[in-house]
Amino acid sequence: MAKRDFYDVLGVSKGASADEVKKAYRAKAKELHPDRNRDNPDAEAQFKEANEAYEVLKDADKKAAYDRFGHAAFEGGMGGGGGPRGPGGMGGGDFSSAFSDVFEDLFGDFMGGQQRGGRQRASRGSDLRYNLRISLEDAYNGMQKAITVPTSVVCSACDGTGAEGGAEPQTCPTCNGMGKVRAQQGFFTVERTCPTCSGSGQIIKNPCRVCGGTGREQKDRSLSGNIPAGVETGTRIRLAGEGEAGLRGGPSGDLYIFIEVEQHDLFERDGTDLFCRVPVSMTTAAVGGDVEVPTIDGGRSRVKVPAGSQSGRQMRLRAKGMPALRGSGAGDMFIELAVETPVNLTSKQKELLKEFEQMSQENNPELSGFFKKVKSFWDGTA
């Protein structure tokens, strides 16, 4: 009986990539595995056929030879196969090589998702997150902040061993310290996690009464963190080794402090720049004058308001903003004027303002310009 085309066997095109070939083979291997097809007498032959096809197509050199000569490339001394050939024209070593690529897929659940290989004695502790709210003044000056973090620490009673009195764990008698046991699954021998020690390779006969054998206990830890000047909301500060203690003597995780800077009553921040809205009287805006404004360092600055200033006008105070977190220098502070209209006027004040308005028609260029445009608009629509 003539051999089927290897590409047809796996259901891929001739130009398929290595990843596509591997993906197709995994699907075929799961579909045709004899243990899943006990009622199909042809399943084993089809399974071996898929393995042979994958063994050739996954290798770039073998694939090139097959594309050129077909099945003849591995028959009659053409080379490329190598070694004694097993059932279906495939070397015994080649079969295990091909099948190892999907071994985890087929028996992953049976093995409990455990990676094949070494035991798992100790594990690193988890990283912890601490959210810290600070004022804008603290962000400007920087600070040393004491915080209390609830976390797992190394058990003081057993020094992290998990055994009563700090005794050393003993080798698991079920797996002899390997963390794995072997079981027969059909015609395959597979490994699974040892049910006695859960893959650690060790057992604790007398667990510590304080930590229950985990080697860790829950406690509140007091730490001091350095908050540098210039931090802003979203800044993350890492304290190495200050996270949760590792399991059974493993290394500790890290502690990450996430900064949130509170809103300020006077200042609005944009990066390293600060903005401050300062109300000025209508008279000061008209004739000019000086106003005193606060600065983030707690000081004061005198700002000259030019005559004829309008609402929204900004003036810059250089280097009066926030310090740069990484680098030198500081941002600027911008003063934005808000011209305030007086309220609750007396009769005398209203009379004086009306008189002033009549005398200052030509001193309001924006107002007169607006009404000229309005008049032109009305004339055009008429």
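The values are calculated or read from the model by the stated rules, or taken from the named source; none is laboratory data. These numbers come from a predicted model, not from an experiment. All Cβ positions, glycine included, derive from the backbone under ideal geometry; neighbour counts span all protein chains shown. When the accessible area is computed, the model is the full protein with side chains, heavy atoms only, and any ligands, DNA or RNA have been set aside. Shrake-Rupley method; radii C 1.70, N 1.55, O 1.52, S 1.80 Å.
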Skipping prolines and chain starts, which residues have an amide H placed within reach, meaning under 5 Å, of the one on K180, given they are 5 or more residues away or on another chain? C194
Would you work out which of G380, S360, P306 lies farthest towards the positive end of the dipole of segment 296-382, given +1 charges on the beta-carbon of Lys and Arg and -1 on that of Asp and Glu, about the Cα centre? P306
Given an 8 Å cut-off on Cα distances and at least 6 residues of separation, report the relative contact order of segment 127-233 as a percent. 42 percent
Heavy-atom accessible area ranking, 1.4 Å probe, most first, across V339, V291: V339, V291
If you take the square roots of the eigenvalues of the alpha-carbon gyration tensor of segment 153-262 and sort them as a ≥ b ≥ c, do you get rounded (a/c under 1.5), prolate (a/b over b/c) or oblate? oblate
Sorted peptide list for 142-155, 303-316, 197-210, criterion being average Cβ within 10 angstrom, highest first: 197-210, 142-155, 303-316
Of K23/K62; K23/K180; K3/K23; K180/K205; K22/K180, which sit over 25 Å apart, Cα to Cα? K23/K180; K22/K180
Long-range amide H partners of G160, meaning residues 5 or more apart or on another chain whose placed amide H is closer than 5 Å, are C155
For segment 262-278, Karplus-derived ³J(HN,Hα) couplings (6.51, -1.76, 1.60; θ = phi - 60°; whole Hz; x for glycine and proline) come out as 5, 5, 9, 6, 10, 10, 10, 9, 9, x, 9, 8, 10, 10, 10, 8, 10
Estimated vicinal HN-Hα couplings, Hz - segment 216-231 in sequence order (Karplus 6.51, -1.76, 1.60; Gly, Pro = x): 9, 9, 7, 8, 8, 10, 9, 10, 10, x, 8, 9, x, 5, x, 5
Taking only Cα atoms of segment 273-382, the Rg to Rh ratio with Kirkwood Rh works out at 1.15
With unit charges on the beta carbons (Lys and Arg positive, Asp and Glu negative) and the dipole taken about the Cα centre of segment 148-247, which residue among A240, G230, T214 sits farthest to the positive side? T214
Per residue of segment 38-49, in order, report the coupling 6.51 cos²θ - 1.76 cosθ + 1.60 (Karplus, θ = phi - 60°) as ³J(HN,Hα) in whole Hz, putting x for Gly and Pro. 5, 8, 10, x, 8, 4, 5, 5, 5, 5, 5, 4
For segment 272-382, what proportion of DSSP beta bridges, expressed in % and rounded to the nearest 5, is antiparallel? 60 percent
Cα-centred dipole magnitude for segment 298-368, charges only on beta-carbon of K, R (+1) and D, E (-1), debye, nearest 20: 620 debye
